[in-house]
1. Among (1) under 28 Å from LEU98 (Cβ atoms); (2) in contact (Cβ under 8 Å) with a residue 60 or more places away in the chain; (3) touching a strand residue (DSSP E or B) at 6+ places or on another chain (Cβ under 6 Å), there is one condition ILE238 misses while meeting the rest; what is its number?
2. Take ALA152 and decide whether it is more than 16 Å from LEU269 (Cα to Cα) and in the same structural domain as LYS129 (by TED's automatic domain parsing).
3. Looking at segment 1-20 only, could you name the residues that are at pLDDT 90 or above and surrounded by 15 or more Cβ atoms within 10 Å (Cβ to Cβ)?
4. Being touching a strand residue (DSSP E or B) at 6+ places or on another chain (Cβ under 8 Å), surrounded by fewer than 23 Cβ atoms within 10 Å (Cβ to Cβ) and part of a helix (DSSP H, G or I) is the filter here, so list the residues in segment 112-132 that pass it.
5. Condition test on HIS53, is it in contact with a helix residue (DSSP H, G or I) (Cβ under 7 Å, 6 or more places away or on another chain) and over 20 Å from MET77 (Cβ atoms)?
6. In segment 142-194, what count of residues is obtained for those that are without any contact (Cβ under 8 Å) to a residue 12 or more places away in the chain and surrounded by 16 or more Cβ atoms within 10 Å (Cβ to Cβ)?
7. Tell me whether segment 289-296 contains one or more residues that are outside any helix (DSSP H, G or I), at pLDDT below 90 and under 30 Å from the mean Cα position of the chain (by Cα).
8. Suppose we filter segment 94-133 for residues that are of a type in the set (Asp, Glu) and more than 19 Å from LEU269 (Cα to Cα); how many remain?
Amino acid sequence: MRFDLTDLRLFLAVLEHGSLTRGAAAANLAPASASERVAGMESALGAALLRRHRRGVEPTAAGEALARHARLILGQMEQMRGELRGYARGLKGSVRLLANTAAMAQTLPPRLCRFLIRHPDLSIDLEEKTSADIVLDLAQGKAELGAIADIADFSALQTRVLAHDHLLIATAPGHRLAGLASVKFDAIAGEAFVGAADAALQAHLDLRAARLGRRLHYRIRLKEMQDVARLVHAGVGIAVVSSAAMTRMSSHADVAFLPLDESWAHRTLHLCARDFGALSVPAALLAQGLREADAANAADTGAS
């Protein structure tokens, strides 16, 4: 039994107008073609769909059942078309976004919140990875956008600046470093450390220590910044954290901060893609939204 959409539309038009001729006209079909289609439907079904009389036609029990299903099918088709038109306009869809730990913890959440509120029919598949892995996945086409630190080699990708950051040393208020204006990395390489939840940062620090012939001593590594703050405050060790983490740590414990006086301590967070000009419409909207947030933050900083 095979009825196409033209058959279903014709059948509903015939019932609406009570006449095969008028229904055919409403469906933009010739009367002979319409009659042939209805006869073909009845033959395929093996039952009459219409009762014919001098005033026109009316549905049989089988015809009423067909009409009920036809309305459901055609309604679903219209709903599907409307939804797909939304995708074509970029109003619906999902974007896979990869982000390093620092971006996940600090920079992205408020920006993604604003974006998702502005675009209620878009969704984001967000996954945390190291900057190096993100570069590889983007190059292989496994995601459209990534947020990475500039410690990774992203020369094969196109980039846009999302945010600037500076590395700080967090210490207990009574620590010997607490009163300093800044500190060099080699001056703290022998300290006990409380590791923060930024795998890429920790790997970067380990590399810098290795270049000095040192190895950093981590007494513990913690995922949550408030836990890092509590242990630093208690004197368990010092921590190297991003400036974006400073406010969150300060709200949980009395911790002193001082800048890490190294050129590599100034970090830039980049939004990356293989080709920004070839992004899907949802991904292009997300890239624009994240960049707009960066421009707004920069304006606010300048005004203050």
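1. It fails just one condition, (1).
2. no
3. Of everything in segment 1-20, those that are at pLDDT 90 or above and surrounded by 15 or more Cβ atoms within 10 Å (Cβ to Cβ) turn out to be ASP7, LEU8, ARG9, LEU10, PHE11, LEU12, ALA13, VAL14, LEU15, HIS17, SER19, LEU20.
4. Within segment 112-132, LEU112, PHE115, LEU116 meet the criteria.
5. no
6. So the answer is 0.
7. No, that holds for no residue.
8. Count: 2.
The values are calculated or read from the model by the stated rules, or taken from the named source; none is laboratory data. Just so you know, these numbers come straight off a predicted model, no measurement behind them. All Cβ positions, even for glycine, are placed from backbone atoms using ideal geometry, and neighbour counts span all protein chains on display.
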